[in-house]
Amino acid sequence: MSPKEPTSTLYTTTFPILTSILKTLLHLLRTAERTHSNPSSLLLNSRLHATMYPLTDQIRIATTFSVRLFARLTNHPEADTLPTTLLPEGNPQTFAECYERIDKVLELLKDADNDATKEVVNANAETVKPAPMGPGVEVDVTNALYAHTMVLPNIYFHLNTAYGIIRMEGVEIGKRDLYVGFGELWR
């Protein structure tokens, strides 16, 4: 995002944010892999509570929702299938698979950093489309509302849950680690 760009378009309030969240996830995972003393499988399968998803699911869900939002906002011709064609099926099982999954989404977002894509995303801010709200439930909502009230809060939840799992497992991370991916937005 250059200083000359408007700061409040649908593009600038979604794609750079997704990129920042995913870069933060990479930082948290790399820190965990580098400093955690137990086997990686224990950390990757850890969860905050028995009824919650493990760390690998946090990565899967954050990346899947990112791709879904990308597909919806860009009018991607394969919007319904893009998450399954771009990303490996199931949960990542290793740190390398987590990194690969996140890197694929980051590459997708990087390739979208051009005027043509920004124009499409911004022009479609008020376009109304159905959005899934759980099994068998859909609501019609604008792209902007879908991005800001459904997808981004969901992805932030999974970022923070991943942080909580990693911290709970004894990895020395702090609040500043949650800001790592966002530093580029402040420059």
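The values are calculated or read from the model by the stated rules, or taken from the named source; none is laboratory data. Here the structure is a predicted model, which is why all the values come from computation and not from measurement. Every residue, glycine as well, gets a Cβ built from its backbone with ideal geometry; the counts of neighbours run over all protein chains shown.
A compact table of results
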quantity	calculated
Tally, over segment 28-75, of residues that are without any contact (Cβ under 8 Å) to a residue 24 or more places away in the chain and buried (at least 18 other Cβ atoms within 10 Å of the Cβ)	2
Number of positions in segment 76-90 that are surrounded by 15 or more Cβ atoms within 10 Å (Cβ to Cβ) and part of a helix (DSSP H, G or I)	3
Some residue of segment 99-112 being in contact (Cβ under 8 Å) with a residue 24 or more places away in the chain, closer than 18 Å to Thr13 by Cβ and over 14 Å from the mean Cα position of the chain (by Cα)	yes
Boolean, Ser41 is outside any loop (DSSP other than H, G, I, E, B), modelled with pLDDT under 95 and over 25 Å from Ala147 (Cβ atoms)	yes
Test: Glu107 is over 26 Å from Ile59 (Cα atoms), assigned to a helix (DSSP H, G or I), modelled with pLDDT of 95 or more and not aromatic (Phe, Trp, Tyr)	no
Count of residues meeting criterion [of a type in the set (A, V, I, L, M, F, W, C), at pLDDT 95 or above and part of a loop (DSSP other than H, G, I, E, B)] in segment 121-136	1
Breaking point among (1) closer than 30 Å to Asn45 by Cβ; (2) touching a helix residue (DSSP H, G or I) at 6+ places or on another chain (Cβ under 9 Å), for Thr127	(1)
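Residue by residue, here is whether (1) assigned to a helix (DSSP H, G or I); (2) among the β-branched types (Val, Ile, Thr); (3) farther than 17 Å from Gly164 by Cα holds:
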| residue | (1), (2), (3) |
| --- | --- |
| Tyr11 | no, no, yes |
| Ser20 | yes, no, yes |
| Leu25 | yes, no, no |
| Glu33 | yes, no, no |
| Tyr53 | no, no, no |
| Ile59 | yes, yes, no |
